[in-house]
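K.L.:
Okay, here's the structure, questions in a sec.
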Amino acid sequence: MQITGTSSQINDYINQSAKVEETEAMYQVKLMKMQQESSAVVGDILQDTAEISQEALNKCLAELK
């Protein structure tokens, strides 16, 4: 790819390209953090559900005795 223009225009183009890449990288990091947070929430929900299910089973068994 050939870039033509004044040195100022070329520098502006390079700076703009760098900012685009930086923004894309920051967006990817944000998405990864959101995914980690979502996974943590899902894990908490599954654990709570398992505990509630165990408590319900224990109560049911106690009533049957």
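The values are calculated or read from the model by the stated rules, or taken from the named source; none is laboratory data. Computed from a predicted structure; not experimentally measured. Don't worry about glycine lacking a Cβ; one is built from the backbone with ideal geometry, like all the others, and counts go over all protein chains shown. With ligands, DNA and RNA removed, areas are computed over all heavy atoms of the protein, side chains included. Shrake-Rupley method; radii C 1.70, N 1.55, O 1.52, S 1.80 Å.
K.L.:
Tell me whether region 50-59 contains one or more residues that are among the basic types (Lys, Arg), modelled with pLDDT of 95 or more and part of a helix (DSSP H, G or I). Give the derivation first.
P.N.:
First pass over region 50-59, keeping only residues among the basic types (Lys, Arg): 59.
Still in the running and modelled with pLDDT of 95 or more: none.
Scanning region 50-59, I find no residue that is among the basic types (Lys, Arg), modelled with pLDDT of 95 or more and part of a helix (DSSP H, G or I), so the answer is no.
K.L.:
Check SER38 against each of (1) of a type in the set (Ser, Thr, Tyr); (2) loosely packed, with under 10 Cβ neighbours inside 10 Å; (3) at pLDDT 95 or above and name the one condition it does not meet.
P.N.:
Looking at each condition in turn, SER38 falls short on (2).
K.L.:
Follow-up. Looking for something open to solvent by 100 Å² or more (accessible area, probe 1.4 Å) and either in contact (Cβ under 8 Å) with a residue 40 or more places away in the chain or among the polar types (S, T, N, Q) (or both) - is there at least one such residue anywhere in region 8-25?
P.N.:
Within region 8-25, one or more residues are open to solvent by 100 Å² or more (accessible area, probe 1.4 Å) and either in contact (Cβ under 8 Å) with a residue 40 or more places away in the chain or among the polar types (S, T, N, Q) (or both).
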